[in-house]
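Novice: One structure, pasted below without further comment.
Rule-based calculations on the coordinates, nothing more; no lab input. Bear in mind the structure is a predicted one, so any value in this text is a computation, not a measurement. When we count neighbours, we look across all protein chains shown, and the Cβ atoms used for this are built from the backbone with ideal geometry, even at glycine.
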């Protein structure tokens, strides 16, 4: 069964990445998730050619970094990559309340869900929305897993917010997400900060916030061992 699922995912990913560029990444102005929906809807519909999705990844840019053929073909089940760089918790809640968002949820069905969100709430200074948005998003997908915000290079964003304040805000968001999603929590900190000094290890991030390729594959392995552990493969 595992070999079959892996083969189906390989076929699906090759099909998807062959046509992905034909679909606009974004339509319309603004930063609403609905403007990015066409690729997500088409990707989900295409997955039903091989039986439908078994894994749904969505969230911000640290989810979007997985949206590459060399990563997605590595999953053992048919996997959907729905990361949108710059997106926040509250934006996804708003999206899932639209008719297109509800269509997406219907197409996702009972696929295991892993979201990677929260960092942009700190960067965009949308901290007040975090507790309510975390609860609402969890209520929409009660069995979902959350990937916490990894340690980042805080000084890089000093023009937007003081590094100490940003660190404090991210710790607050992670605490809220951990409380809401426990025990379905994936913490990337042990992978990003192995020496436990509160800063990303050299080479763990490719820039200020995004996982380096090595970390992307390590996160993928963690997803396989946690979120997909009980999936029939």
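Novice: Just subtract the alpha-carbon distance of residue 69 and residue 178 from 0.36 nm times their residue separation and send over the number in nm, one decimal.
Specialist: 36.2 nm
Novice: Return a whole-number percent for the relative contact order of the chain, with Cα pairs under 8 Å and 6 or more residues apart as the contact set. The partial results should precede the final answer.
Specialist: Working: 375 pairs, mean separation 44.1, N = 233.
Normalised by residue count, the contact order of the chain is 19 percent.
Novice: Ok, one more. Going by average Cβ density within 10 Å per residue, which order do the peptides 40-47, 77-84, 174-181 take, highest to lowest? If you can, show how the numbers build up before the last one.
Specialist: Working: 40-47: 19.2, 77-84: 24.6, 174-181: 17.8.
Result, highest mean Cβ count within 10 Å first: 77-84, 40-47, 174-181.
Novice: Additional query: Using a 10 Å cut-off around each Cβ, can you sort 72, 127 from fewest to most neighbouring Cβ atoms?
Specialist: Listing 72, 127 from fewest to most nearby Cβ atoms yields 127, 72.
Novice: On to the next question. Need one word for the range 68-168: rounded, prolate or oblate. Basis is the Cα gyration tensor (sqrt eigenvalues a ≥ b ≥ c); a/c below 1.5 gives rounded, then a/b vs b/c decides. Kindly include the intermediate steps, with their values, before the conclusion.
Specialist: Numbers: a/c = 2.38, a/b = 1.47, b/c = 1.61.
Note, shape of the range 68-168 comes out oblate.
Novice: Under a point spin-label approximation (7 Å from Cα along Cα-to-Cβ), what is the residue 230-residue 35 distance to one decimal in nm?
Specialist: 3.9
Novice: So, one more: Can you give me the convex hull volume of the Cα atoms of the range 2-225, divided per residue and expressed in Å³?
Specialist: Here the figure is 122 Å³ per residue.
Novice: To continue, here is another question. Report the extension gain between residue 153 and residue 217 in nm, rounded to one decimal, defined as 0.36 nm multiplied by the number of residues separating them, less their alpha carbon distance. Numbers along the way, then the final one.
Specialist: Working: separation 64, 0.36 × 64 = 23.04 nm, distance 2.07 nm.
Length gained, residue 153 through residue 217: 21.0 nm.
Novice: Additional query: Counting only the backbone N, which residues of the range 103-121 are under 20 Å from the spot 7 Å out from the Cα of residue 26 toward its beta-carbon?
Specialist: 116-121
Novice: Quick check on the chain: of the DSSP beta bridges with both residues there, what percent are antiparallel, nearest 5%? Each step should come with its number before you reach the end.
Specialist: Working: 1 of 16 bridges.
Counting only bridges with both partners in the chain, antiparallel ones make up about 5 percent.
Novice: Run lengths n ≥ 4 of DSSP H only: what is the helix-derived mean residue ellipticity at 222 nm for the chain, with -39500 (n - 2.57) per run over all residues, to the nearest 500?
Specialist: Details: 11 runs with 107 residues, N = 233.
When only DSSP H runs of four or more count, the value is -13500 deg cm²/dmol.
Novice: Which length gain, in nm to one decimal place, applies between residue 19 and residue 106 when the Cα-Cα distance is subtracted from 0.36 nm times their residue separation?
Specialist: Here the segment from residue 19 to residue 106 would lengthen by 29.1 nm.
Novice: Could you work out how far apart the two model spin labels at residue 197 and residue 99 are, taking each label as a point 7 Å from the Cα in the direction of the beta carbon, and quote it in nm?
Specialist: 5.6
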